[in-house]
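Enquirer: First, the structure itself, so that you have it in front of you.
What follows is calculated from the coordinates using simple rules that are stated; it is not laboratory data. Here the structure is a predicted model, which is why all the values come from computation and not from measurement. Counting neighbours? That spans all protein chains shown, and the Cβs are built from the backbone with ideal geometry, glycine included.
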Amino acid sequence: MYAGTQTKYEAQPHINGGDQLTQAQDIHCAQSQQATGVIHMKALFFGSIGVLAETSELQRQAFNIALEKAGLDLRWNIATYCHHLRVVGGRQRLAQTLDLGVDDPLIDQIHQHKQDAFEALVATQQITPRRGIADVIARARADGLRLAFVTTTTSQQLALIGNALSAKLDLGTLDLVTSKADVTAEKPDSEVYHVALQRLGLAADEVIAIEDTEMNQAAAIGAGIDCRLFAGEYATVTRGDRQIHDAMQVLQGS
């Protein structure tokens, strides 16, 4: 559970319908929470592929392969790519760089080349969960928390990352996985977080989210959700609000 900006995680009490003493204790607990402003955490939302696995360098390489295949004399070095990561979404980054509309045919072409290149690169690499991700999922699941992957990436990317992580992390065990198809506005718009709350029947103050960039973090906060920043390797951190360095910190306090 958590209060204000301090986080103290605790499993929810289990209600036994036939045990009056347990019910009385639960009622007392609920009354105490109302009096202190403490709310039980009921769910943990993972907001982006970059929260689950570090793929930034492979993504950068894939963009460069795609740009070359499109015949463009343009390459993104690490510093440039870090700058572009301030814009959410690969198509949006390309559109901004090339000064084109997001739906321009050239953007479609380059982005598809990028997807294909990224898939080929992932096939040659061992992708593993980031620090604490496997542990926090196991702990949260054992304690009865609901788990969701709240992303606006494509179904193709979801399938690719899900397969790459399958030896250590099964996305199929999560209570909800969203994609670009579930929203009309991608992040940094907060729509996908509202969709997740509605589908799981949760209030914003019953959830903690983890995001990998400040822009994505703002999407969760915009939906009223307390969100930790688990910054990716290439993410630019200007404020460091609610930052963690191990996913398990979200359950241990930070």
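Enquirer: Sort 214, 57, 191 by Cβ crowding within 10 Å, fewest neighbours at the top. Kindly include the intermediate steps, with their values, before the conclusion.
Expert: Working: 214 21, 57 14, 191 18.
Final ranking by Cβ density, sparse to dense: 57, 191, 214.
Enquirer: Would you mind ranking 173, 178 by Cβ crowding within 10 Å, fewest neighbours first? Don't jump to the answer; show the numbers that get you there.
Expert: Details: 173 9, 178 22.
Arranged by neighbour count, lowest to highest, 173, 178 become 173, 178.
Enquirer: Now, a different point. If amide H atoms are built 1.01 Å from N in the plane of the peptide, which residues on other chains or at least 5 residues away come under 5 Å of the amide H of residue 227?
Expert: So residue 227 has HN proximity to 209.
Enquirer: Leaving out same-chain residues fewer than 8 places away, which lysines sit with a Cα under 27 Å from that of residue 42?
Expert: 8, 168, 180, 187
Enquirer: Sticking with this structure for a sec: What are the radius of gyration and Dmax of region 56-123, computed over its Cα atoms and given in Å?
Expert: Cα only, region 56-123: 10.9, 32 Å (Rg, Dmax).
Enquirer: Once amide H atoms are placed 1.01 Å from N in the peptide plane, what residues at a sequence separation of 5 or more from residue 128, or on another chain, have their amide H within under 5 Å of its amide H?
Expert: Result for residue 128 returns 54.
Enquirer: Using Cβ contacts closer than 10 Å as the measure, can you line up 193, 81 from fewest to most?
Expert: Numbers: 193 27, 81 19.
Arranged by neighbour count, lowest to highest, 193, 81 become 81, 193.
Enquirer: Here is a follow-up. Across region 241-252, in residue order, what do the Karplus-derived ³J(HN,Hα) couplings come to in whole Hz, using 6.51 cos²θ - 1.76 cosθ + 1.60 with θ = phi - 60° and x for Gly and Pro?
Expert: Ordered by residue, 3J(HN,Hα) equals 5, 6, 7, 10, 10, 8, 4, 5, 4, 5, 9, 9 Hz.
Enquirer: Could you give me the ³J(HN,Hα) list for region 193-199, computed from phi with Karplus coefficients 6.51, -1.76, 1.60 and θ = phi - 60°, whole Hz, x at Gly and Pro?
Expert: Along region 193-199, the couplings run 5, 5, 4, 5, 4, 5, 5 Hz.
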